[in-house]
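Working notes, beginning with the structure itself.
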Amino acid sequence: MPLARDLDLYLRHVSIERGLAPNTVAAYRRDLGGYVEWLGARGMGEVVDVSQQQVSEYVRELGTREETPLTASSLARVLSSVRGWHRFLLEEGRLETDVAREVKPPKLASRLPKALSVDQVTALLDAVSGDDVQALRDRALLELLYATGARVSEAVSLNVDDVFDEDIVRLRGKGNKERIVPLGRFARDALDAYLVRARPVFSVRGVATPALFVGIRGQRVSRQNAWLIIRAAAEKADLVAQVSPHTLRHSFATHLLQGGADVRVVQELLGHSSVATTQIYTMVTADTLRDMYTTAHPRAR
């Protein structure tokens, strides 16, 4: 079976059988499409022709090429895609050995997620103020992101019915897995104001939609528009350099741990499948404690 058909088989598997998000499937298509093109240019028409040496060579070439070499994290992502494809083909009986299994990803530098201080979060939220319908919507979106630790994609995918019992929100994360997260008072009040005074104004401008967050044409707010809303607030609060689409999510996790929340609880709230992913935030709080200790203790320096 040609490489392209093997790739199509895998993409249908991750999309239909595993139910991965369209953006994730698109990333697999992009990563593996480049891999298949590279193999084809070297005369390999089928996956059985590929050796471990060639997988290693491909990853090494991506990191050392003169034009736009990939970073260590991007290389690790591409290798993960390649290994997943080879493993799938082994399970399907298309391969007798998994030549990608022993290929090692590049070592990644330990990078702590960026989190704002509580005062900076307050400044960011306060940058979106006013009684006009757009301000009410934007404030509700930002309050919800910080109150729940939701990814931006999860927030814009919410429907009105996903907020229930007044202070509970149902989020759908990676792999369409659902989790229940409580809303704080500030987020609840902001959502109430938006739903009563702003959303009806937006919704009559377009076709009826169950979407919670609606744009000026009555359509669901996109992930790109949500990022523009966050960035506009960051500019007003003079926090552009510190803010990314995930900043409020990182700040949510960091502030919970600093307040004494158990890491397993934070894992559940964030929707992480492994606690190891959540534990990086304990490094953030430990780093903060270390700085405070160094500053305050007379024999720390």
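The values are calculated or read from the model by the stated rules, or taken from the named source; none is laboratory data. A quick note: this is a predicted structure, and the numbers were derived from the prediction, not measured. Here Cβ is always computed from backbone atoms with ideal geometry, including for glycine, and neighbour counts include all displayed protein chains. To get the accessible areas, we keep the full protein, side chains included, count just its heavy atoms, and leave off ligands, DNA and RNA. Shrake-Rupley method; radii C 1.70, N 1.55, O 1.52, S 1.80 Å.
Tabulated data for the structure shown
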item: Mean Cα-pair separation over length for the range 1-111, i.e. relative contact order, pairs under 8 Å, 6 or more apart, %; result: 27
item: Nearest-20 debye value, the chain charge dipole, Cβ charges on Lys, Arg, Asp, Glu; result: 240
item: The range 190-275, relative contact order [Cα under 8 Å, separation at least 6], %; result: 13
item: Å² per residue, accessible surface of the chain at 1.4 Å; result: 56
item: Whether the range 1-79 is rounded, prolate or oblate, judged on the alpha carbon gyration tensor where a/c under 1.5 counts as rounded; result: oblate
item: Protection-proxy order for peptides 224-233, 58-67, 245-254, 269-278, each taking the mean of Cβ atoms within 10 Å per residue, highest first; result: 245-254, 224-233, 269-278, 58-67
item: Whole-number D in µm²/s for the range 138-205 (Stokes-Einstein; Kirkwood sum over Cα pairs; 4 °C, 1.567 mPa s); result: 106
item: Descending semi-axes in whole angstrom, ellipsoid equivalent of the range 84-237, from the Cα gyration tensor; result: 37, 21, 15
item: Cα-projected label distance for GLN53 with GLU102, points at 7 Å along beta-carbon direction, nm; result: 1.3
item: Rounded tilt (10° steps) of 280-296 against the dominant C-alpha axis of the chain; result: 60
item: Computed log₁₀ I(q)/I(0) - Debye formula, equal Cα scatterers, no solvent, the range 39-145, q 0.16, 0.18, 0.23 Å⁻¹; result: -0.77, -0.88, -1.24
item: Zone of THR71's modelled label, taken as backbone nitrogen in the range 227-254 under 16 Å from a point 7 Å along Cα→Cβ; result: 241-247
item: The chain: radius of gyration over Cα atoms, expressed as a fraction of 2.2 N^0.38 Å; result: 1.19
item: Average silhouette area of the range 115-173, convex hull of alpha-carbon atoms, in square nanometres; result: 4.6
item: Of LYS104/LYS177; LYS114/LYS177; LYS114/LYS174, those spanning more than 27 Å from alpha-carbon to alpha-carbon; result: LYS104/LYS177
